[in-house]
Amino acid sequence: MCGIFGLVGQEKGLVSKLMAGLSKVEYRGYDSAGICISRPEGLDLKRAEGILDNLKQIVGDMEDGYCGIAHTRWATHGPPTEENAHPHCDPQFRVAVVHNGIIENEVQLRQILIEATSNTCFKSETDTELVAHVLAQEVDAECGDAIPDDEQLLAAWRRSLDRFDGSFSLAAVVKGREDVILVARSFSPLILALNDAGYLASDVSCLIGMVKDVFFIEDGDWGLLRKDGMELFDSEGEPVVRESTTLQWNEEDAELGGWPTFMLKEINEQPGVFRSCLQGRLSRDALRGVKISFKPDLVRIIACGTAFHAGLMARHYIEELSGIPCIVDHAHEFRYGTPSGPKALVLGISQSGETADTLAGLMAAQERGYPTLSIVNVESSTIARQSDSILTIRAGPEIGVASTKAFTGQVLGGLLVALRLGRLSNKVRSEELAVINNAARRFPNAMERLLASSQLEKGLKRARRLFHNQDHAFFLGRNSSYPIALEGALKLKEISYIHAEGYAGGELKHGPLALIVDGTPVVVISSDGIIQQKLFGNAREVAARGARVIMIAVEGDEEASAHADVVITVPKTHRLLQPIMHNVVCQLLAYHVAIDRDCDVDRPRNLAKSVTVE
Ligand code: M6R
């Protein structure tokens, strides 16, 4: 979850380049940050609690050097204080380490270190500090006080890594060796690149605009990064060469470009995401690029957070269009369960492609012999490379911690998978494909119209007022609008810190109704036909108990206003696509409520963009 960035061989502007890299990876963790510059005279460390701006204020006078490592933290061990911020050093300041992941044998290691050296003192509560102590100890064992040569460094690094259990991406600098950074990867992403310097990062988006090609090192890889090359070994200690991949995203894609926040920018990018996700894949009479070669008896979807809600949408599509039963699990529940089904297809969904639980779930499925397909945004991610086949959503970099445009892409990915399964099951005929294709062609323009409409602006203005001084809110949906209710509640809670729950309308009387009091905001995501009437009934039930109802309905729905305090309408589209349109209103509602409460929507407290630890 933490962000790592490092540079070796950057003779001018090292500090400012490290800070620029860190700012691009800050979305992976922002409770503290730090950098360490390695110079011949020693290691120079600066760290600060809180967001990156706090670190920026104290690195202004820092001298450049030849090599440095930097880190933004999402706390796993110890609170977000300066002492717990990375990089961490050994007591003699011989090595400095940045780390993403968890060293699982921390307790035993700490004990061994204390027993081995009577004067061992730890300055932080982190597991990472132990890595620094161990590495310094191993360097000392190799060469005493002398500066280690390559062979000694590699031997010390290898022996250190052998002592760690768990997941980690690590980068370390060693006093006197400004020409190299030690690197290692174990179940946590780390990317290397070469250009005017040697680069390392936990995330490709950090490298956009700095390099063209990147090297995705594999789990178990470790070695040295230099200005103009790398020396890598696999877990057996055998030398390995990893292929480079060309980055697909542009620098502008990962910048604000005039928008006040990434979240608002990304919400507004959704019409474009819709177009590019379907481009070349869906046409009047054909479906391309969804690689499923057999008709499974069962589809098991695994995902977390917003991607899980997209999975619930995909289940609706799959069961309706193909008749194949589908189970959706949180990846963290699935990975320790016992998946069954003789001919199951396991479908992973992940924006980042780095979510530890989703990755572990897919690997568990593969071990049991199930074919895996993943819907991902980051094409070069670990999940993408691990899966048997992938469907990329082509959403471009998503920087806002609250996932928005990725959801639209993931739902469309689910629809494409369902259509492919529907074709394999002979249930989706060409005529139906043509109808969906026609609706899909018109959809992005309709969404653009919605995003620009004064009706939306006015509706949101009235709706957001209903959240003033409220601590709880509810979202109701039914059938295919139920996942949108869950997603709407997640968006609101994660960025505004208002407690919000999504419920299927039919569940209301089974408990949640007890929570409705005078003024409680309830967002009702409309549907159609009989379901719509049932939702109106739910709206009446909560209103009768004092709730203030915000209804998201389709244009022309004359009845909606009779059941709500505020109605926000969206353009009518194909039944299967309608929930995507409704969701945009939920995203904007959460956004504005959070802004009204002065929340940092791009950096919600306690969260980070990709959850790379369990
Ligand atoms: O990168 P992934 O799609 O695998 O991430 C899954 C969740 O961590 C993510 O959707 C999270 O719930 C977002 N903060 C929701 O806005």
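The values are calculated or read from the model by the stated rules, or taken from the named source; none is laboratory data. Here the structure is a predicted model, which means the values were calculated and not measured. Glycine gets a Cβ as well: all are built from the backbone with ideal geometry, and neighbour counts include every protein chain shown.
Numerical summary
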{"read-out": "Condition check for M313: of a type in the set (A, V, I, L, M), surrounded by 15 or more Cβ atoms within 10 Å (Cβ to Cβ) and under 30 Å from R368 (Cβ atoms)", "value": "yes"}
{"read-out": "Among the candidates S340, S389, S403, residue that is modelled with pLDDT of 95 or more and more than 18 Å from the chain's Cα centre (by Cα)", "value": "S389"}
{"read-out": "Filtered residues of the stretch 384-439 (kept if among the small types (G, A, S), within 23 Å of I208 (Cβ to Cβ) and touching a Gly at 6+ places or on another chain (Cβ under 9 Å))", "value": "A384, A395, G396, S403"}
{"read-out": "Residue in the stretch 440-457 that is in contact with a Ser or Thr (Cβ under 8 Å, 6 or more places away or on another chain), surrounded by fewer than 16 Cβ atoms within 10 Å (Cβ to Cβ) and farther than 19 Å from Y591 by Cβ present", "value": "yes"}
{"read-out": "Qualifying position, being crowded, with 23+ Cβ neighbours inside 10 Å and either farther than 30 Å from D357 by Cα or not aromatic (F, W, Y) (or both), among T128, T117", "value": "T128"}
{"read-out": "Candidates G502, G556 - the one that is in the same structural domain as G477 (by TED's automatic domain parsing) and either under 32 Å from the mean Cα position of the chain (by Cα) or closer than 18 Å to I484 by Cα (or both)", "value": "G502"}
{"read-out": "Residues located in the stretch 485-501, provided they are more than 13 Å from the ligand (Cβ to nearest atom) and surrounded by fewer than 24 Cβ atoms within 10 Å (Cβ to Cβ)", "value": "Y497, I498, H499, E501"}
{"read-out": "Any hit, the stretch 45-60, residues being of a type outside the set (A, V, I, L, M, F, W, C) and either buried (at least 24 other Cβ atoms within 10 Å of the Cβ) or within 19 Å of C121 (Cβ to Cβ) (or both)", "value": "yes"}
{"read-out": "Subset of the stretch 157-178 [among the basic types (K, R) and within 13 Å of G223 (Cβ to Cβ)]", "value": "R158"}
{"read-out": "Residues of the stretch 45-77 that turn out to be touching a strand residue (DSSP E or B) at 6+ places or on another chain (Cβ under 9 Å) and either assigned to a loop (DSSP other than H, G, I, E, B) or touching a residue at least 40 places away in the same chain (Cβ under 8 Å) (or both), as a count", "value": "21"}
{"read-out": "Any hit, the stretch 364-374, residues being within 11 Å of the ligand (Cβ to nearest atom), modelled with pLDDT of 95 or more and either of a type in the set (A, V, I, L, M) or assigned by TED's automatic domain parsing to the domain that holds L192 (or both)", "value": "no"}
{"read-out": "Strands (runs of 3 or more DSSP E) wholly inside the stretch 202-241 that include at least 2 residues being buried (at least 19 other Cβ atoms within 10 Å of the Cβ), free of Cβ contacts under 8 Å to residues at least 60 places away in the same chain and among the aliphatic types (A, V, I, L, M)", "value": "230-233"}
{"read-out": "Residues of the stretch 360-383 that turn out to be without any contact (Cβ under 8 Å) to a residue 60 or more places away in the chain and either in contact with a His (Cβ under 6 Å, 6 or more places away or on another chain) or within 16 Å of S205 (Cα to Cα) (or both), as a count", "value": "2"}
{"read-out": "Where a residue in the stretch 277-299 is on the phi < 0 side of the Ramachandran plot and its partner, wherever it lies, is of a type in the set (F, W, Y), with Cβ under 7 Å and at least six apart", "value": "none"}
{"read-out": "Condition met for P260 (at pLDDT 95 or above, surrounded by fewer than 17 Cβ atoms within 10 Å (Cβ to Cβ) and of a type outside the set (K, R))", "value": "yes"}
{"read-out": "Number of the condition not met by S352 [criteria: (1) closer than 30 Å to R441 by Cβ; (2) surrounded by fewer than 19 Cβ atoms within 10 Å (Cβ to Cβ); (3) not hydrophobic (A, V, I, L, M, F, W, C)]", "value": "(2)"}
{"read-out": "Only listed residue being in a helix (DSSP H, G or I) and among the β-branched types (V, I, T), chosen from I102, I114", "value": "I114"}
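Residue-wise test of (1) in contact with a Leu (Cβ under 9 Å, 6 or more places away or on another chain); (2) free of Cβ contacts under 8 Å to residues at least 60 places away in the same chain; (3) over 21 Å from L43 (Cβ atoms).
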position: P79; (1), (2), (3): no, yes, yes
position: V95; (1), (2), (3): yes, no, no
position: I114; (1), (2), (3): no, yes, yes
position: D149; (1), (2), (3): no, yes, no
